[in-house]
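This report refers to the structure that appears directly beneath it.
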Amino acid sequence: MPKIGVFVCHCGSNIAGTVDVEKVAAAARTIPGVVVACDYRYMCSEAGQETITKAIREYGLDGVVVCSCSPRMHEATFRRAAEREGLNPYMVEIANIREQCSWIHKNREEATEKAIVLMRAAVAKVKRDTPLTAGRSGVTRRALVIGGGIAGLSTALDVANAGYEVDIVEKEPTIGGKMAQLDKTFPTLDCSACILTPKMVEAAQNENINLYTYSEVEKVSGYVGNFTVTIRKKARFVREDRCTGCGACMEKCPSRKAKNEFNCGLNTRSAIYIPFAQAIPNVAVIDAQHCLKLQTGKCGVCEKVCAAGAIDYTQQDELIQREYGAIVAATGFQPIRPYQFGEYGYGRYPDVITSLELERLMNAAGPTDGELRCPSDGRKPKNIVFIQCVGSRGQTCRDKSYCSKICCMYTAKHAMLIRDHWPDMDVHVFYIDVRTPGKNFDEFYRRAAEEYQVDYRKGQVGKIYEEDGHLMVQGSDLLEDRQVLMPADLVVLAVAVEPSPDARKLATMLTASMDNNDFFTEAHPKLRPVESPTAGIFLSGMCQGPKDIPETVSQAGAAAAKVIGLLSKKELTANPCTAHPEEVRCNGCGECEKVCPYGAISYEEKELRVMGRREKRRVAVVNTALCQGCGACTVACPSGVMDLQGFSNRQILAEVDAICR
Amino acid sequence: MQRIKETLTHWLQSGQVDRVLGWKEGDMPGLREPAFFENAEELKSLCYDAFCGPNLSKFLIAAGEKDGVTAVVLKPCDSYSLNELIRENRVQRDRVKILAVPCEGNIDPRVFENRGVLSVSIEGDQLHLTTLYGEENEPLARCFLERCTVCRGGRHAVYDELLCPEAEETPQKGDRFEAVRELEEKSEEERYAFWQETFSRCIRCNACRNACPACNCRECVFDGAALDSRQKAAAVPFEESLFHIVRAYHVTGRCTDCGECSRVCPSHIPLHLLNRKMILDINTLYGPYQAGDSDKGRSPLTDYTPDDCEPNQGKGA
């Protein structure tokens, strides 16, 4: 019988406040094999660890159970302590009686009973533990950044400047992301392009950075330090090495009906196009859906006018396979299209627009050359109404439950800029709350309201309708406690932001977790905010949650620091909890190989000794260097032949038995 | 029948196959049993008629351990089982030669069980029984196995030679999920009571496990020592239920609904209902899927697509 020690932590009052820790220790002493059980105020403290190491020494323990917080917090601490005393670190089991018990229960008796059950399960498991030895694996010193917006660019530049190679994969034909579409940035009102484009150029010119624009991640395999990624470089139908970006093709292209994405569809563009003047790479791309040559075979004008001979209608998507040590998700966001809010009439009334559309209408490179005009008839608006929190902070299925964080500030910016450029325009803002925490943010908002006399009204808009060719806005003013009705030439909806729709697909490929809103989840919301729970995957920018530009850049830098930390390691400790088939019972059916997300399982014809006979059989073989110990194969195996070291089927059944007893 | 024998004799004599897997007359009237035939002489005792219920696919796993090629006679629904075994690498496709035969339904031996039958035959639209107590007739239409009353059609999923016209997509007879839906309508307590009562008849003879083509582990978890799951005498009254539930889970996504489990159960437990519940759930959650339709690819449970339902989107969640 192995000798087991059980150590119950009070965690101050975190555990002891709800769980009778002495009773848990006493219950442990009644279990056969448990030779010592005690409780202590803080097991993770020096003195607490000393209690454990002393017991290992004195009682010659074969296994240790620590009843404490989640293994994510202190498993490594206790394993190291055991190792110091010469006990194999994998002979330590944690019973999580804090997150899974004391924190979620109020009734002391029930919580104590549950803590005892959890302790019993851990004891049952530790009795069947076997010493394991961790292997080592190397690190590919190159990072992949997915997304070439301000978040991705910032992370890439920081990593590249530390001396590591970085590839950026951007799905659009140019890097720059949403920030490139913005006119001015709060709270300093500097021109967005003026601060972004130098970063774009810097990334393009950095010899450690490699850009894959108009490309998407197709497949990810491998694990931390050793990812293999397949990138699909979509056909541009224009040779990047030849195109000079002169724009002659765009001028002559006869197909001009495609909506201009860069201008939010407010005007059109040619089928062959460069998204905007400062695009990087400055290379044209053919939108195959609108190209007459590619659709009908008749045209070919761009090929004729291209002096560089860059047009290639036969170009195919290209698949590129590259190795990386770390991957950064920087997939960003998009504003929602508020069609579901029928009361605002977006899509029905052309003069109801979103804030991003307003950015384009105010931008010198936009469809109106920076002159604010109503999209319906091009007249100069007189009355402009802003509606805040469209789709944010709601409780219905139409809304996002979160605050989109950036809207209060950009609306203040819009209002201020309009009043500054066109003092004859009246600006009204309907808001629920104005939220402006941040350096110089509240001062900025107050300037809009006080200095520029923007009419802020606390209340929501219930309805927008047309009357005599005029939009009428009906809302409530909660401070004056009355309904208001005002005419509007232009209504601007400060719509919610949501993660890029491709993010979920990517998260699946990366086995990175997401929350209910499809934002990537952090490994720890406070202590590990830029890491995904999946080792080697890092988070940068809006893909993790709403952020403004300063915050995005700070977080991008933090992600870069984590990437650099990982890439600078010579080797990584591999996880010894890998899968192993029991060959004689394996029937080679292939189910385990199908579910393995790491491509770690293959099949071999092996000669086995079965009941004294030699037999050639097809059996599963696990590459332990690739196996990450996820356990998918152990449950997929119909014969129960696959087993996971450290989490064997037998151990898990013993835990279940201990719980059900 | 004549053509079946001629073809198989030719295959044997020309050396294309080394043995034939088919049926021969059983020990009791109206029963047929699987048999291997090694030469033309032995083949004379091969038979094929409406009484040939047994699905021969699973015997090909054992045949695969012998050298050479085995010829097998397959009814349409049995061919799905074989295809699934090929998909799972349990049978090598190039080691079998498949003679696909037409099927008009199998007689359920329960019709003449406990009636002292001396001989059984089909006379027109009647099943004619000669019993210790005299001559009796049963309308043939009422004598088929449950699986045949919901037959999914005469198409063979895999074959080398077809002894019937290529079956058009014959429409599914009846609704095979009707009984499952009826059970689903019941309350939890009613369902529990139904299954406990039903499984209490189980004598753990393992006939279902032995007949099931999907149940082909080298060592069953209920026999092996590897998982402390070896079952001896039932310690609690839930053990029979547990056995059948675990078995249903093990074959989920691989069960072709061939109905052998229910056919062979001496206690008349409608085991196919468990499997069909799993099939219905798969169809509902992942779209229609027929195990054995193809000898390649993945079953919905070992496949992942980004469009898969989320865990909380399932029925009853």
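What do you reckon, is A:ASP657 in a strand (DSSP E or B), open to solvent by 20 Å² or more (accessible area, probe 1.4 Å) and facing another protein chain (nearest Cβ under 10 Å)?
Details: in a strand (DSSP E or B): no; open to solvent by 20 Å² or more (accessible area, probe 1.4 Å): yes; facing another protein chain (nearest Cβ under 10 Å): yes.
The answer is no for A:ASP657.
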First in region A:593-621 and more than 13 Å from A:GLU582 (Cα to Cα), second anywhere and assigned to a helix (DSSP H, G or I) and aliphatic (A, V, I, L, M), Cβ under 6 Å, 6 or more apart
A:VAL595/A:ALA632; A:VAL595/A:ALA636
Looking only at helices (runs of 4 or more DSSP H) that lie completely in region A:525-640, which have at least 1 residues being surrounded by 17 or more Cβ atoms within 10 Å (Cβ to Cβ), of a type in the set (S, T, N, Q) and within 14 Å of chain B (Cβ to nearest Cβ)?
A:632-636
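Would you kindly identify the strands (runs of 3 or more DSSP E) lying entirely within region A:424-478 that contain at least 1 residues that are in contact with a helix residue (DSSP H, G or I) (Cβ under 8 Å, 6 or more places away or on another chain)? Step through it out loud before you land on a result.
Values: elements: A:426-431, A:455-458, A:461-467, A:470-477.
Of the strands (runs of 3 or more DSSP E) lying wholly inside region A:424-478, those with at least 1 residues that are in contact with a helix residue (DSSP H, G or I) (Cβ under 8 Å, 6 or more places away or on another chain) span A:426-431, A:455-458, A:461-467.
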Take B:GLY253 and tell me if it is under 23 Å from B:VAL158 (Cβ atoms) and either within 14 Å of chain A (Cβ to nearest Cβ) or touching a residue at least 60 places away in the same chain (Cβ under 8 Å) (or both).
yes
For region B:1-34: of the residues being closer than 26 Å to B:GLY116 by Cα and in contact with a Gly (Cβ under 6 Å, 6 or more places away or on another chain), which is surrounded by the most Cβ atoms within 10 Å (Cβ to Cβ)?
B:ARG32
Would you confirm, using the coordinates I've provided, whether A:VAL461 is closer than 22 Å to A:ARG398 by Cβ and either of a type outside the set (Val, Ile, Thr) or assigned by TED's automatic domain parsing to the domain that holds A:CYS403 (or both)?
yes
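This table checks each residue for (1) within 19 Å of the chain's Cα centre (by Cα); (2) over 30 Å from B:PRO34 (Cβ atoms); (3) exposed (fewer than 15 other Cβ atoms within 10 Å of the Cβ); (4) more than 14 Å from every other protein chain (Cβ to nearest Cβ).
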residue	(1), (2), (3), (4)
B:ARG181	no, yes, yes, yes
B:ARG191	no, yes, yes, yes
B:PHE194	no, yes, yes, yes
B:ALA214	yes, no, no, no
B:CYS217	yes, no, no, no
B:VAL221	no, no, no, no
B:GLY224	no, no, no, no
B:VAL264	yes, no, no, yes
Are any residues in region B:180-221 among the hydroxyl-bearing types (Ser, Thr, Tyr) and either outside any helix (DSSP H, G or I) or not assigned by TED's automatic domain parsing to the domain that holds B:GLU240 (or both), and if so, which ones?
B:SER187, B:SER200
Identify, by number, the condition in (1) out of contact with any helix residue (DSSP H, G or I) (no Cβ under 9 Å at 6 or more places or on another chain); (2) closer than 17 Å to A:ILE146 by Cβ that A:ASN516 doesn't meet.
(2)
I'm trying to understand the selection: among the residues of region A:417-446, which are charged (D, E, K, R) and open to solvent by less than 90 Å² (accessible area, probe 1.4 Å)?
A:ARG419, A:ASP420, A:ASP424, A:ASP426, A:ASP433, A:ASP442
Those helices (runs of 4 or more DSSP H) completely within region B:2-86 that have 2 or more residues that are within 23 Å of B:THR256 (Cβ to Cβ) are B:59-63
Which of the following residues is open to solvent by 10 Å² or more (accessible area, probe 1.4 Å) and on the phi > 0 side of the Ramachandran plot: A:ARG393, A:ARG398?
A:ARG393
Would you confirm, using the coordinates I've provided, whether A:ARG84 is more than 17 Å from A:CYS9 (Cα to Cα) and either under 37 Å from the mean Cα position of the chain (by Cα) or modelled with pLDDT of 95 or more (or both)?
yes
Answer from A:ALA574, A:ALA620 - the residue that is outside the structural domain of A:GLY147 (by TED's automatic domain parsing), of a type in the set (Gly, Ala, Ser) and out of contact with any Phe, Trp or Tyr (no Cβ under 8 Å at 6 or more places or on another chain)
A:ALA574
Failed condition for A:VAL385, given (1) surrounded by fewer than 22 Cβ atoms within 10 Å (Cβ to Cβ); (2) out of contact with any Cys (no Cβ under 8 Å at 6 or more places or on another chain); (3) within 26 Å of A:MET486 (Cα to Cα), with all others met?
(1)
Under the condition of being open to solvent by less than 70 Å² (accessible area, probe 1.4 Å) and of a type outside the set (Lys, Arg), which residue from region B:168-179 is modelled with the lowest pLDDT?
B:THR170
Quick one: how many residues across region A:230-273 are open to solvent by less than 20 Å² (accessible area, probe 1.4 Å) and in contact with a Gly (Cβ under 8 Å, 6 or more places away or on another chain)?
1
Screening B:GLU41, B:GLU65 for residues that are among the charged types (D, E, K, R), open to solvent by 10 Å² or more (accessible area, probe 1.4 Å), at pLDDT below 95 and over 30 Å from A:GLY590 (Cβ atoms) leaves only B:GLU41
Residues located in region B:89-117, provided they are in a loop (DSSP other than H, G, I, E, B), within 30 Å of B:ASN137 (Cβ to Cβ) and not polar (S, T, N, Q)
B:VAL101, B:PRO102, B:CYS103, B:GLU104, B:GLY105, B:ASP108, B:GLU113, B:ARG115, B:GLY116
Consider B:ALA35 carefully, then state whether it is aliphatic (A, V, I, L, M), within 19 Å of the chain's Cα centre (by Cα), farther than 24 Å from B:VAL150 by Cα and within 14 Å of chain A (Cβ to nearest Cβ).
no
Can you tell me which of A:ALA124, A:ALA111, A:ALA134 is among the small types (Gly, Ala, Ser) and either assigned to a loop (DSSP other than H, G, I, E, B) or closer than 18 Å to A:VAL201 by Cβ (or both)?
A:ALA134
Regarding B:PRO165, is this residue exposed (fewer than 11 other Cβ atoms within 10 Å of the Cβ) and assigned to a loop (DSSP other than H, G, I, E, B)?
yes
Do you know which residues across region B:278-308 are more than 14 Å from chain A (Cβ to nearest Cβ) and surrounded by fewer than 18 Cβ atoms within 10 Å (Cβ to Cβ)?
B:LEU280, B:ASP281, B:ASN283, B:THR284, B:LEU285, B:TYR286, B:GLY287, B:PRO288, B:TYR289, B:GLN290, B:ASP293
Which residues, counting only those in region A:155-200, are in a helix (DSSP H, G or I), out of contact with any Gly (no Cβ under 9 Å at 6 or more places or on another chain), touching a residue at least 40 places away in the same chain (Cβ under 8 Å) and among the β-branched types (Val, Ile, Thr)?
A:VAL159
I'd like to know if region A:496-516 contains one or more residues that are over 24 Å from A:VAL139 (Cβ atoms), away from every other protein chain (no Cβ under 14 Å) and either exposed (fewer than 15 other Cβ atoms within 10 Å of the Cβ) or at pLDDT below 95 (or both).
no
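The values are calculated or read from the model by the stated rules, or taken from the named source; none is laboratory data. Fair warning: this is a prediction, and the values are worked out from it, not measured in the lab. Note: ideal-geometry Cβ built from the backbone for every residue, glycine included; neighbour counts use all protein chains shown. To get the accessible areas, we keep the full protein, side chains included, count just its heavy atoms, and leave off ligands, DNA and RNA. Shrake-Rupley method; radii C 1.70, N 1.55, O 1.52, S 1.80 Å.
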